[in-house]
Amino acid sequence: MKSFLPTRFIVERDPTRCIQCNVCVTQCSFKVHYFDEDDHTVKAHEDNCVGCHRCVVFCPTNALTIRRNPLEYRTNANWRPEVIEDILKQAESGGMLLTGMGDDKNHTIYWDHLLLNASQVTNPSIDPLREPMELSTYLGRKPDRLTFDEAGILTTTLAPQVKLETPIMFAAMSYGAVSLNVQLSLARAATELGTLWNTGEGGLHPSLARYGPNTTVQVASGRYGVNPEYLRSARIIEIKIGQGAKPGIGGHLPGEKVTDEVSKTRMIPIGTDALSPAPHHDIYSIEDLRQLIYAIKEVTNYEKPVSVKIAAVHNVAAIASGMVRAGADIIVVDGLRGATGAAPKAIRDSVGIPLELALASVDTRLREEGIRNQASVVASGGLRCSGDVAKAIALGADAVYIGTAALIALGCHVCQQCYTGKCNWGICTSDPVLTKRINPEIGAQRVINLVRGWSLEIMDMLGGMGVNAIESLRGNRLHLRGVGLSDTELEILGVRMAGR
């Protein structure tokens, strides 16, 4: 059948620079570049190009340019080019359209409409280069009150606490969805930084067990790789109810990414699609969730906090309240810009709400009910820079997860082809040749550099606000002001308009 889809990208090759070295041919897993034996020149199948820029970066003579095809459709606000092309794809395939990464639609990014306060004369700023600045935070359930004996010794029994040296953790990215070298890079970086990385729902590869003190393991609906040893090896156990990229549905790892090692780790047959059920089949109520939390705490001897991750949806605040009362020590809220290795495009683009609104609603609800101290709150989904992190903490988060930002540090160019397993950067692939493109030592250092850079910027922002500890910023929305937002949006966020 002849495809009616236009070419998305144009590959431009400068013949005065191209030396026919074939680097682009060997670097492209999508078979865009090929060597024409007849005229002995490198040419391109432009239909295959996904715009990942691997060839551009590695071309030794800078002979390549990749640009979007400027093909213009008749102007129509309703029938936009993306809509037309999606219909053409489904007319040819008859199936769901899959995509990777997070929502890329032009929904309001509230981080860009929030500004942080700064100290001036009446409340002097603090210089983090010359004065102590505290970024460490503790995740876990806090007591309602502390009691001490006559000698001043604490007598209150504290729930397990996890200390983070920086309020930035690495989000759940499962083995199979990303390569083992990616997980190894994140595990090494987390250990060096004094923070945590997350296995996702794909189990824990044996080679990563030594990073247990800096590991969060997931218990998802598919229960891939879950056993008592897996739970006991971690610092935090996270029950994944939902994620921002695909609220209300289960996970999906295409069979072509399930290699021998992935199958052993996930405990599923080689080459089969790993389809997690939409619900946990033992959780249909808050009472059921309480039972699972209790079971996990029993098997881990009450030594580890239990986290529950949910997607940001319209009743997220009420759900979070129920989860805290069910015994969750940490609540993770994942907004609609949260990424994924594979999701139906319709779900990614149409379901869920922005993290900023959900986070503010959860923090407000837990405070109003007097239970905010009983669980830490982690914000996740599309955080792009240190400013986003600081604003998330001011809205009520104790810490944040970053996923896509960490992958970009490793080389990701957000081409959204994660589900194909052909990632040219060696990130979202199980191909043994492609995975070697991530060097764990170099990868870990790049991620470490990113988080250290963000941490330095956060300290500067705290100093500018006149506070010397991240704890002083948490939930302190007086440090925020809104710009270009409606009264309703400002009310939900709990933020005043700039100038007030």
Convex hull per residue volume in Å³, alpha carbons only, for region 212-347: 111
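Would you mind putting 307-314, 40-47 in packing order, based on average other-beta-carbon counts within 10 Å, highest first?
Working: 307-314: 24.1, 40-47: 14.6.
Those peptides, ordered most packed to least, come out 307-314, 40-47.
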With bins 10 Å wide starting at 0, give me the P(r) of the chain over every alpha carbon pair, in whole percents. 4, 18, 28, 26, 16, 7, 2, 0, 0, 0
Quick check on region 236-343: of the DSSP beta bridges with both residues there, what percent are antiparallel, nearest 5%? 20
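If you count the DSSP beta bridges with both ends in the chain, what percent of them are antiparallel, to the nearest 5? It would help to have the intermediate numbers written out before the result.
Numbers: 20 of 50 bridges.
Around 40 percent antiparallel, to the nearest 5.
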Alpha carbon centre of region 413-477 versus region 285-303: separation in Å? 31
Peptides ranked, highest mean first, by Cβ atoms within 10 Å: ranges 416-428, 66-78: 416-428, 66-78
Note down the net charge around Ser125, summing +1 for each Lys or Arg and -1 for each Asp or Glu among other residues with Cβ under 13 Å from its Cβ. -2
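Label region 9-95 by shape, choosing from rounded, prolate and oblate, from the square roots a ≥ b ≥ c of the eigenvalues of the Cα gyration tensor; if a/c is under 1.5 it is rounded, and otherwise prolate applies when a/b is larger than b/c, oblate when it is not. Walk me through the numbers on the way to the answer.
Values: a/c = 2.72, a/b = 2.04, b/c = 1.33.
It is prolate, given that a/c is not under 1.5 and a/b is the larger ratio.
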Would you list Leu336, Leu366 from fewest to most Cβ contacts within 10 Å? Leu366, Leu336
At 7 Å along the Cα-to-beta-carbon direction for both Ala159 and Asp487, put a label point, then send me their distance in nm to one decimal. 3.9
So for the pair His314, Phe35, with labels modelled 7 Å out along Cα→Cβ, what separation do we get in nm? 5.9
Pull up the cross-link candidates among the lysines for Lys142, meaning alpha carbon to alpha carbon under 29 Å and not fewer than 8 places away within one chain. Lys163, Lys240, Lys297, Lys304, Lys309, Lys391
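Kirkwood hydrodynamic radius of region 249-309 from all distinct Cα pairs, in Å?
Numbers: mean 1/r = 0.0730 Å⁻¹.
Across region 249-309, the inverse of the average 1/r is 13.7 Å.
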When a/c reaches 1.5 or more, the comparison of a/b and b/c decides; with that in mind, is region 1-149 rounded, prolate or oblate per its Cα gyration tensor? prolate
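For every other residue with a beta carbon closer than 9 angstrom to the beta carbon of Ser29, add +1 if it is Lys or Arg and -1 if Asp or Glu, then tell me the sum.
Working: positive: Lys31, Arg54, Lys422; negative: Asp431.
Net charge in that neighbourhood comes out at +2.
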Residue separation times 0.36 nm, minus the C-alpha to C-alpha distance between Phe148 and Ser93: what's the value? 13.0 nm
Taking only DSSP H segments of four or more residues, each worth -39500 (n - 2.57), what value at 222 nm results for the chain once the sum is divided by all its residues, to the nearest 500 deg cm²/dmol? -8500 deg cm²/dmol
Order 272-284, 234-246, 216-228 from most to least packed using the mean count of other Cβ atoms within 10 Å. 234-246, 216-228, 272-284
If one compares the long axis through the Cα atoms of helix 440-465 with the longest principal axis of the Cα atoms of the chain, the angle in degrees, nearest 10, works out at 50
Multiplying the sequence separation of Leu116 and Tyr138 by 0.36 nm and subtracting their Cα-Cα distance, what value in nm do you get? 5.6 nm
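Given all pairs of different Cα atoms, what value in angstroms does the Kirkwood hydrodynamic radius of region 276-346 take?
On the way: mean 1/r = 0.0739 Å⁻¹.
Value: 13.5 Å, from the Cα pair sum.
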Can you figure out the FRET efficiency of Ile270 with Arg232, using R₀ = 35 Å and their beta-carbon distance, to the nearest 0.05? 0.80
Once both axes come from the Cα atoms, what is the angle between helix 386-395 and the longest principal axis of the chain, in degrees from 0 to 90, rounded to 10? 40
Give me the tail of P(r) for region 81-123 as a percent: Cα-Cα pairs with distance above 13 Å. 74
Per the beta carbon screen (other Cys under 4.7 Å), unpartnered cysteines of the chain come out as Cys18, Cys21, Cys28, Cys49, Cys59, Cys385, Cys412
Please determine, in degrees from 0 to 90 and to the nearest 10, the orientation of helix 81-93 with respect to the longest principal axis defined by the Cα atoms of the chain, where the helix direction is its Cα long axis. 70
Bin width 5 Å, origin at 0, all Cα-Cα pairs of region 392-468: what percent of pairs per bin? 3, 13, 18, 20, 14, 11, 9, 7, 4, 1, 0
What shape does region 171-288 take by its C-alpha gyration tensor, where a ≥ b ≥ c are the square roots of the eigenvalues and a/c under 1.5 counts as rounded, a/b above b/c as prolate, and the rest as oblate? oblate
Net charge around Arg481, counting only other residues with Cβ within less than 10 Å of its Cβ (Lys, Arg = +1; Asp, Glu = -1)? +3
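Throughout, read-outs are computed from the coordinates displayed, never taken from laboratory work. Model, not experiment: these values are computed from the prediction. Ideal geometry is used to build each Cβ from the backbone, glycine not excepted, and the neighbour counts take in all protein chains shown.
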